[in-house]
Amino acid sequence: MSLPSSEIFVPRFRDECLLSRGTEVRDLLRVREETVLYVQPCTSERGKLMANIELRSGETECIDSGTLCALLEIHRRRFSELKCSQNLGVAKLMWKGREISIFKNGKIKIQRALNREEIIRVANSVARLIWGAELCEICGQPALNCASGACGKCVQEERVSIELDELPNAELLRQSQINLQLARKAAPDEAERLLNMARYQALFFTIEAPRKEDAVPGLVLLAEALQSGVPPKS
Ligand SMILES: [Zn+2]
Ligand SMILES: [Zn+2]
């Protein structure tokens, strides 16, 4: 078996593609102060905050429910509770002690937060977690389809080489790559286990990457791991 190289090639995406634009709540906040629409103490829990945040303004559907549930399923081991309804386009989860609701129109509700800084931090993690399910404005498909090239509209000709060692948490991406390679030669059951591991590591990398530019290789690898084998069941 050839060892994975220390560099990874990812496509360059068009400037207006959601993968290039990113989905940082922090960025949105700079542009529109009202992004955090409503912060107030929950009546039932004194001193604990609740916030409604929107990834995009308006009521139009901007998250693909099927992809949303699939992404949350991949990260399930990190949630103490998870419910996701593809039909309703709503997900509810408990993540690091916070109660989070995600709606297909891009609204996110965070409950039990301690302060505004924490709300922003949690909101940014959630935005990264569901980035792949958010609809790209160029092709109208979930960003994961842009990452895999399946949408046929967002990938540019050239590919960019990324030096793995220069990325924070590169080990997660490297492990994901190794598991993906191993899965291609493994027996079906073992292949499924390795692919699930590869998917988890690629998504975890995407969530943890400090900059959106660094997070993109995670989604590219995740898209590749989802195309191999059967997708995780929810
Ligand atoms: Zn796109
Ligand atoms: Zn696309």
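Once Lys and Arg get +1 and Asp and Glu get -1 on their Cβ, which of A187, N87, A150 lies farthest toward the positive end of the dipole of the chain?
N87
Under a cut-off of 19 Å between alpha-carbon atoms, report the aspartates and glutamates in cross-link reach of K185, not counting same-chain residues fewer than 8 places apart.
Of all the aspartates and glutamates, those that pass the test against K185 - Cα under 19 Å, at least 8 places apart if same chain - are E224.
State to the nearest 20 debye the size of the charge dipole of the chain about its Cα centre, where the only charges are +1 on K and R beta carbons and -1 on D and E beta carbons.
Numbers: 33 positive and 32 negative charges, 166 e Å.
The calculated dipole for the chain is roughly 800 debye.
Given the whole protein assembly as supplied and a 1.4 Å probe, what does the accessible area of D165 come to in Å², nearest 10?
Taking all protein chains as shown, D165 has close to 100 Å².
In Å², what does the accessible area per residue of the stretch 182-227 work out to with a 1.4 Å probe?
43 Å²
Quick check on the chain: helices-only [θ] at 222 nm, where DSSP H runs of length 4 and up contribute -39,500 (n - 2.57) each and the sum goes over total residues. Nearest 500, please.
-12500 deg cm²/dmol, from helical runs alone.
State, to one decimal in nm, how far the label point of E16 lies from the label point of N105, with both points 7 Å from Cα in the Cβ direction.
Placing both labels 7 Å along Cα→Cβ, they lie 2.5 nm apart.
Could you rank the peptides 111-121, 212-222 by their average count of other C-beta atoms within 10 Å per residue, with the highest value first?
Descending packing order for the listed peptides: 212-222, 111-121.
What angle, in degrees between 0 and 90 and rounded to the nearest 10, separates the Cα long axis of helix 170-185 from the longest principal axis of the Cα atoms of the chain?
Helix 170-185 sits at roughly 50 degrees to that axis.
For K109, list the aspartates and glutamates whose Cα falls under 12 Å from its own Cα; do not include residues on the same chain fewer than 8 positions away.
E54, E99
Can you pull the percent of the chain's accessible area that's carbon plus sulfur, 1.4 Å probe, other chains left in place?
48 percent
The values are calculated or read from the model by the stated rules, or taken from the named source; none is laboratory data. All values derive from a computational prediction rather than experimental measurement. Backbone-built Cβ (ideal geometry, glycine too); neighbour counts: all protein chains shown. In case anyone asks, the SASA skips ligands and DNA or RNA and just uses the protein heavy atoms, side chains included. Shrake-Rupley method; radii C 1.70, N 1.55, O 1.52, S 1.80 Å.
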